[in-house]
Each structure stands twice: as C-alpha cells, then as structure tokens.
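**Student:** Take a look at the following structure, please.
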Amino acid sequence: MKSSIYTIPIEMPENGILLLYNTRSGALLEFPLLRKGSIEEVMENPPEGQVDPEKETNPLIRQLTKSGFLIPDELDELTYMESRYKQSRENRGHLSLTIAPTVNCNFRCVYCYQMHPNKKMSQEVQDALVERVRLAAAEKRNISVTWFGGEPLLALEIVESLSKRFMEITEEQKVGYSAWMITNGYLLSRQVAEKLKEIRINRVQVTLDGPPDVHDSRRFHVGGKPTFDTIVKNFKEVCDFINISLRINCDRTNSHRVLEVLDTLEATGLKGRLNPYLANVRPYTEVCADIVDTCMKDAEFSLFETEIYLEMFKKGWGVSVMPQPQASVCIADKSNGMVIDPEGRIYRCWNDMTRPKEAVEHLLTVATAEMDRNRAKWTNWTPFILSACRKCKMLPLCIGGCLFDAMKTPNPTHGSCTYWKYNLKEIMLLNYHQIEMREFQKVLKEGLKTCNTDVTESVTA
C-alpha cells in the first residue's frame, strides 16, 4: 500500500481535532489531534501488500483504506483521473443541452457579457433541435436541459412547446429527462412558476446583488426601473414549490454590502427557503471589458468568499460549498454538450452565446472549416499536459478549471486555478462545522422525541 498524494491535513488545535480531506476521493475524516503522530506514522509507513478493508483488523488502516487515503501500490492516481476525464468527455450515455430560446433581455445589467438582439428561436430551428433530441433518446441517452438567455421567460411559449416535445420523446424512449432554468426572476410570477412546474422545471437560478439600492443600481430593467422588489415578491409567491438557487454576483463595488441582501430576505420571511451562493464577476467578453478594474482577482475573491460564507453560517444560512472531486469541468468540456442560440448555432460554452464566430456547429447547415477549428480548440485542451496542474493537489476538484478562462489567457504550466487553491482549508472547516451542527440537531431532535414519548406514557399511565 501507499499514501494518496491528494491528502490534505487540517488541524484545529482549539478543538483538539485533526481533519483529513482527500481531494481525489472526496472523503473527510475526523480524528482527535492526539492521534496525529500515529496517523502520520501509518501514512509515512503504510502496510506492505494489498489491504482488504473488509478483513483488516486495524481500525485506523481500515478507515484510511476505505476512504482513499491509503491506496494500492499499482494505482497511479494521475493516470486514473486522466482516464476518467477522457471517459467523461466522450460519454455517450447523456446529452446535455443549454438552450436560449431568445438572447433578448428585459434587464441591462452593468456587467453583462452578451449582446441582446430581439430575436426568438424560429420553428425551423425548434424542429431541428427536437430531431437531435429524438436521435439521442433513440440511442438511449438521457437528456438534460438548461434554459438560458438573455431572459428565457421572454420566450416562455417556446420553452413550453419544446419542453412538452422533449418530455414526450423521453417518455416514449424510456430515458431520463431533467430541466432547470437561469432567469433574472422579474417575470417569475406564481402563474409562470406553475407552468414551469408542469413542464418539469423544478429549479431556477435567480440573482440578487445586494440590498435594494445596490441591486437596482446594477441589475435594472431595460427601461431603467428598479427590479429588486418585484423579484422578492416573486420569491415569496413561488419558493414553496420551486427550488430557488440565489446567486449573488460580487465585485469590488458591492462586496462590502452583499450580506445585507440576506438580512432583507430574512426580514421578509425567506430565510431557509432559498439557497444562496457567491459568484465572482468576470469580464468574460469584449462586451463587458470596461468592468475589468472592478473585478476581484482570484486570491482576493477567495479570501472574500471565505469571510462572507463564515458570516452567512453565523447568521444561520446554509452554505453549500462542499468541494467535491469531478471527472470533468462543465458542458464546455464534454463532447455530449451543446449550447444552442436562437438561430441554431451550436457552441461549447455559455460565454460564447452571442459570438457567432465561435460556433462549433449549426442545426441547419453543414459545419464550416472555421467551426471545425473551433471544435478542435475545445476538444484538444486538457490539463493533464500542464506541469503545474499535474502536481497540484487541487486537480481532482477543478480538473484545470474554466476552459474559457484557460484559453482566453493561456498559461503554459496551468489552467484556470480554482478559488479552493487559496481557501480550501477554511472552506473545509466551515463544512465540518455545518456537519457538526446537523448531527447535533439530529441527536437533539431524537432526544426530544424520546422525551415527549416518555412524558406521554407517564401521563397516560
């Protein structure tokens, strides 16, 4: 046996706790800090030969083996991850679609990276898209859809029509189907949300960038009207039956006030009914190049993220930021992923949606030489040829990071580094405390249940 190269120890001297986290297996183990010496001894001098965790009598060795901290001598972790990466990229068991029925938008956000031509997907493009889904389902491939834009609710009739056709096809072929939507939330009334529920869109992502005055200065209506109050009103109408992921876009201009949005939501009774997370504003395309000076650098954002998530935890908001190993990065990293604009152009990345020259295919025409070159650019990129990535303990978590960023500003040694490179230990400590809290609440709940039963029996007797 040998020790995994992806183990990260995290000490908590004030609590007498030692955590071990493995970025390749995703395992998190808790030990008394007093056992640090014996654990280091086992990790530095693993048992010889193969260990069967089901038969191993030493509980420490058994636990470390089952959790991926001790691995067989013949296992090359880097080669294993590269193999999984290739398999994930070439997986034919699934088709992932990001569909923009329109790229028009009723907002004019100050950092938006898109143009917003007032066009909707034609019937011809819709029919061609349905045929793609039909062929994939006939091959017994599961279908997942992300509804995107612009603002997809400006073309709700197309979302409804295509969804019903997709559902009919997948039910007929007995393959899986799932869908969710990214929306600004302005049109997400109860009536609209009920329609989404009917077409199996059970989850949406909506953005609020701070309290009303901050949000309305950044994410205002095309006519200049404020949008915060309407969005929150919609939250209250729909959050009982549709899952809302709350994105908070952060940069240097609003970072000092992002927590105020949670106080506002708590005051309106929405605490615990939304799932908030932070996102770093980035100047993805030439459309938003003028915001570069207000964007936080990666190390800067990672520190900010840690501080804000800790404050969110203290305020009683759940923080869903558990780092997990992954086989590949996103839809851009997969041959089975397509991003489709209203005119039928197919891209590999959401960020290219309104950049026709970056298309890799078209639903209605034969691919051009330029499209072939664009596709090859995405297909040929891999973090496993980059020296710094190959040596990095974060590789199982980020797999080289955002491909768009990595190719936009290429580096000969590494991809686009994850924020966890700078704050992993702090984020894992936060997750540990959340796990502890949930376990405490579970024990307390069971204790109260037992107590109530004893009281009832006593009164009855």
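The values are calculated or read from the model by the stated rules, or taken from the named source; none is laboratory data. Keep in mind that what you see is a predicted model, and the values were worked out from it rather than measured. Quick reminder, even Gly has a Cβ in these numbers, built from the backbone with ideal geometry, and neighbours come from all protein chains shown. Note: accessible area is taken over every heavy atom of the protein model, side chains too, but ligands, DNA and RNA are not part of it. Shrake-Rupley method; radii C 1.70, N 1.55, O 1.52, S 1.80 Å.
**Student:** Mind checking which pairs have a first residue in segment 124-148 that is closer than 11 Å to F166 by Cα and in contact (Cβ under 8 Å) with a residue 12 or more places away in the chain and a second that is basic (K, R) and surrounded by fewer than 20 Cβ atoms within 10 Å (Cβ to Cβ), Cβ under 7 Å, 6 or more apart or different chains?
**Tutor:** Listed pairs, sorted by first residue: V130/R165.
**Student:** Any chance you could count how many residues in segment 327-351 are free of Cβ contacts under 8 Å to residues at least 24 places away in the same chain and under 30 Å from T413 (Cβ atoms)?
**Tutor:** So the first thing to find is which residues in segment 327-351 are free of Cβ contacts under 8 Å to residues at least 24 places away in the same chain, and the list is 345-347.
Next, only the ones that are under 30 Å from T413 (Cβ atoms) stay: 347.
Number of matching residues: 1.
**Student:** How many residues, within segment 102-117, are open to solvent by less than 20 Å² (accessible area, probe 1.4 Å), in contact with a helix residue (DSSP H, G or I) (Cβ under 9 Å, 6 or more places away or on another chain) and within 15 Å of W350 (Cα to Cα)?
**Tutor:** 2
**Student:** Do any helices (runs of 4 or more DSSP H) entirely within segment 321-403 hold 1 or more residues that are of a type in the set (A, V, I, L, M, F, W, C) and either farther than 18 Å from S88 by Cα or open to solvent by 50 Å² or more (accessible area, probe 1.4 Å) (or both), and if so, which?
**Tutor:** On the way: elements: 369-380, 387-391, 395-398.
Helices (runs of 4 or more DSSP H) meeting the threshold: 369-380, 387-391.
**Student:** Which numbered condition trips up T183, out of (1) open to solvent by 20 Å² or more (accessible area, probe 1.4 Å); (2) of a type in the set (S, T, Y); (3) without any contact (Cβ under 8 Å) to a residue 40 or more places away in the chain?
**Tutor:** Among (1) open to solvent by 20 Å² or more (accessible area, probe 1.4 Å); (2) of a type in the set (S, T, Y); (3) without any contact (Cβ under 8 Å) to a residue 40 or more places away in the chain, T183 violates only (1).
**Student:** Name the single residue, out of those in segment 148-173 being touching a helix residue (DSSP H, G or I) at 6+ places or on another chain (Cβ under 9 Å) and outside any helix (DSSP H, G or I), that is least open to solvent (accessible area, probe 1.4 Å).
**Tutor:** G149
**Student:** Keeping to segment 38-66, report how many residues are in a loop (DSSP other than H, G, I, E, B) and open to solvent by less than 20 Å² (accessible area, probe 1.4 Å).
**Tutor:** Quick first cut of segment 38-66, residues in a loop (DSSP other than H, G, I, E, B) only: 45-58.
From the residues that got through so far, the ones that are open to solvent by less than 20 Å² (accessible area, probe 1.4 Å) too are 51.
Residues flagged as in a loop (DSSP other than H, G, I, E, B) and open to solvent by less than 20 Å² (accessible area, probe 1.4 Å) within segment 38-66 amount to 1.
**Student:** Return the total of residues in segment 310-320 being over 18 Å from Y21 (Cα atoms) and either of a type in the set (S, T, N, Q) or assigned to a helix (DSSP H, G or I) (or both).
**Tutor:** Residues that pass the stated criteria total 5.
**Student:** Which residue pairs have Cβ atoms closer than 7 Å, lie 6 or more positions apart in sequence or on different chains, and pair a first residue in segment 246-262 that is in contact (Cβ under 8 Å) with a residue 12 or more places away in the chain with a second residue that is of a type in the set (V, I, T) and open to solvent by 40 Å² or more (accessible area, probe 1.4 Å)?
**Tutor:** As it stands, the answer is D251/T294; R252/T294; T253/T294, since those pairs meet every condition given.
**Student:** Here's a follow-up. Quick test for you: out of G26, G37, G49, G93, pick the one residue that is over 30 Å from I201 (Cα atoms) and in contact (Cβ under 8 Å) with a residue 12 or more places away in the chain.
**Tutor:** On the way: G26 fails: over 30 Å from I201 (Cα atoms); G37 fails: in contact (Cβ under 8 Å) with a residue 12 or more places away in the chain; G93 fails: over 30 Å from I201 (Cα atoms).
The unique qualifying residue is G49.
**Student:** Determine, yes or no, whether R84 is out of contact with any Phe, Trp or Tyr (no Cβ under 9 Å at 6 or more places or on another chain), touching a residue at least 40 places away in the same chain (Cβ under 8 Å), open to solvent by 30 Å² or more (accessible area, probe 1.4 Å) and farther than 30 Å from F228 by Cα.
**Tutor:** Working: out of contact with any Phe, Trp or Tyr (no Cβ under 9 Å at 6 or more places or on another chain): yes; touching a residue at least 40 places away in the same chain (Cβ under 8 Å): yes; open to solvent by 30 Å² or more (accessible area, probe 1.4 Å): yes; farther than 30 Å from F228 by Cα: yes.
Considered against the rule, which asks whether it is out of contact with any Phe, Trp or Tyr (no Cβ under 9 Å at 6 or more places or on another chain), touching a residue at least 40 places away in the same chain (Cβ under 8 Å), open to solvent by 30 Å² or more (accessible area, probe 1.4 Å) and farther than 30 Å from F228 by Cα, R84 comes out as yes.
**Student:** Under 18 Å from I169 (Cβ atoms) and open to solvent by less than 60 Å² (accessible area, probe 1.4 Å): is that true of Q126 in this structure? Walk me through how you get there before you give the answer.
**Tutor:** Numbers: under 18 Å from I169 (Cβ atoms): yes; open to solvent by less than 60 Å² (accessible area, probe 1.4 Å): yes.
Yes; evaluated as a whole, the condition is true for this residue.
**Student:** Related question: So Y432 passes all but one of these: (1) open to solvent by 20 Å² or more (accessible area, probe 1.4 Å); (2) over 28 Å from D76 (Cβ atoms); (3) not polar (S, T, N, Q). Which condition number does it fail?
**Tutor:** Here Y432 meets the rest and fails (1).
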